[in-house]
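**Q** Got a structure here, written out as structure tokens. Questions coming.
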Amino acid sequence: MTKLWRWFRWRSMLLAMAFMVGFLGFQLGAGVSDRMGVEDAGIWTHVYYTLGLFVLGGMDLGVPRGGSNLALSLLWTAYFLCPIITLSAVIEAIVRTLNPQAWALRRIKGHVVIGGAGRLTMLYLARLRAESPNTPVVIVESRADLLDAVDVEKHFGAYLVKGDISSHAVLESLNLNRARRLMLLTGNDFTNMEAASKIGAEWPELAPDTVLHVSDITMLRLLNKSGVLSRSQIFNSHHIAARHLVTTRMLEHFDRTEPADLVVIAGFGRFGQTILAELQEHAIGTFKTVIVMDTRAKFHTAVFDEQVGFKGGYRLEIIEGDMADPNVWERAEAHFDPGIKEPVFVLGSNDDGNNLRVALWLMNKHPEAYTVALSFRQSTFATQISGACNFDVVSAEDLVVDSMPGAWFKASNRSIWHGSPLAIAQAAAPTPPDDAA
């Protein structure tokens, strides 16, 4: 509505200015060759003939003649300006009808471009609309099934572009020189990284405001170590969710319990590995033993050891087996430290239902423990039953949304340029001293 009002206001001002120019020309004594006595007619006659200039451009009146130089100049100006305004409106209407999206993208500015129309995009959009409801949004998605399934135009007021966000042609159509931020949230890591590389090379001013998601935590670690795409903001949803869980909930438990805690991480995939990495960074000294439980525990711990490394300061036990098997928990309990009354259980397998069932079983067996069950999607039932049974269910989606930096939803500090990438680079170049040759 704001855009429509702004467009209507400027168009109305232009129309009013053109009308006043022609009307004043008639009022000041300018006549026309094919309508004798127009200059001496009344106000309403002058209004009628001025309005006719928008339709026929004066072709039924002949050319301006007589009157002062000012009157003739004003009328001649209206002769050209009125039909130009009418023609531009007709052309605009045709373009809007034939390709309304291209017209909108050509004029858009201060917008957020999002690559991908999956669940992560919907989470980001929901918070963006809560914090910045009027920000223009453009979503690029290559999979037609997602475009049909998610009515983002209706719910979020976003423009949908079908195409590959890493395609140079698609990027050029998005008016990136005027964009506020680029969020690369497709489910394909290579697509996100390829698009970010092209942005850094061709739209360097946008690189610091480019955020890309890398779902492969191994690739994320390699990118961080190599420094590739270092000007962009790289994140992993499991990583920021795990960090938020550790810093906002688990550290509070560690601070109020004595002696040092015992932590069982059941499910040592991307989320479980990131939990341990965050514990090593933020909580060393507050826990004494870590037990890793997974059907491929030895493999995952070997990967973790190579890419992150196990720090000293705690004892590590590895239990290979299914966390839903009570016999596996008996093997784990053999490693529990004496005197530990409030162990920490982190249930982070890829099966939400399995996490919930094991949490209920553990709370019956270890009622004083602090148990956290991961739910990848928001679940009203899981929240209700966890409250009744005194354990925590954390939604990965909620953790991701809560841990997204506030800067991702605000206007960028950089200027939004209107020129080409070459002009931007030239303007950004240092100014030579006055005495330079």
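The values are calculated or read from the model by the stated rules, or taken from the named source; none is laboratory data. Since the model is a prediction, treat every value here as computed from it, not as a measurement. Note: ideal-geometry Cβ built from the backbone for every residue, glycine included; neighbour counts use all protein chains shown.
**Q** Give GLY52, GLY31 a once-over and let me know the one that is modelled with pLDDT of 85 or more and under 26 Å from TRP10 (Cβ atoms).
**A** GLY52
**Q** Any residue at all in segment 57-67 that's surrounded by fewer than 19 Cβ atoms within 10 Å (Cβ to Cβ) and part of a helix (DSSP H, G or I)?
**A** For segment 57-67, residues surrounded by fewer than 19 Cβ atoms within 10 Å (Cβ to Cβ) and part of a helix (DSSP H, G or I): absent.
**Q** Which one is nearest to LEU24 (Cα to Cα), of the residues in segment 68-83 that are small (Gly, Ala, Ser) and not in a loop (DSSP other than H, G, I, E, B)?
**A** First, pick out the residues of segment 68-83 that are small (Gly, Ala, Ser): 68, 71, 73, 78.
Adding the requirement that they be not in a loop (DSSP other than H, G, I, E, B) leaves 71, 73, 78.
Numbers: ALA71: 7, SER73: 10, ALA78: 10 Å.
Here the answer is ALA71.
**Q** In this structure, does ASP261 turn out to be of a type in the set (D, E, K, R) and buried (at least 22 other Cβ atoms within 10 Å of the Cβ)?
**A** On the way: of a type in the set (D, E, K, R): yes; buried (at least 22 other Cβ atoms within 10 Å of the Cβ): yes.
So ASP261 passes the test.
**Q** Could you grab me the full set of residues in segment 55-68 that are at pLDDT below 85 and either on the phi < 0 side of the Ramachandran plot or outside the structural domain of PHE26 (by TED's automatic domain parsing) (or both)?
**A** Of everything in segment 55-68, those that are at pLDDT below 85 and either on the phi < 0 side of the Ramachandran plot or outside the structural domain of PHE26 (by TED's automatic domain parsing) (or both) turn out to be VAL55, LEU56, MET59, ASP60.
**Q** Filter segment 213-262 for residues that are out of contact with any helix residue (DSSP H, G or I) (no Cβ under 6 Å at 6 or more places or on another chain), of a type in the set (Gly, Ala, Ser) and either under 25 Å from GLY313 (Cα atoms) or in a helix (DSSP H, G or I) (or both) and give the result.
**A** SER226, ALA260
**Q** Then there is this: Just to verify a result, which residue in segment 263-279, among those that are in a helix (DSSP H, G or I) and touching a strand residue (DSSP E or B) at 6+ places or on another chain (Cβ under 9 Å), is farthest from THR218 (Cα to Cα)?
**A** LEU279
**Q** Could I ask something else about it? Among what's in segment 78-125 and is of a type in the set (S, T, N, Q) and more than 24 Å from PHE54 (Cβ to Cβ), pick the residue that is modelled with the highest pLDDT.
**A** Narrowing segment 78-125 to residues of a type in the set (S, T, N, Q): 86, 88, 97, 99, 101, 121.
Checking which are more than 24 Å from PHE54 (Cβ to Cβ) leaves us with 99, 101, 121.
Values: ASN99: 56, GLN101: 58, THR121: 91.
Here the residue is THR121.
**Q** If we keep just the residues of segment 326-374 that are in contact with a Leu (Cβ under 6 Å, 6 or more places away or on another chain) and in a helix (DSSP H, G or I), which is surrounded by the most Cβ atoms within 10 Å (Cβ to Cβ)?
**A** ASN355
**Q** Additional query: Quick one: what pairs do we get from segment 24-53, first residue in the same structural domain as ASN69 (by TED's automatic domain parsing) and within 15 Å of PRO64 (Cβ to Cβ), second among the aromatic types (Phe, Trp, Tyr) and at pLDDT 85 or above, C-beta under 6 Å, 6+ apart or different chains?
**A** HIS46/PHE23; HIS46/PHE26; THR50/PHE19; THR50/PHE23
**Q** A follow-up question, please. Would you mind telling me which numbered condition in (1) in contact with a helix residue (DSSP H, G or I) (Cβ under 7 Å, 6 or more places away or on another chain); (2) outside any helix (DSSP H, G or I); (3) surrounded by fewer than 21 Cβ atoms within 10 Å (Cβ to Cβ) LEU182 fails?
**A** It fails just one condition, (3).
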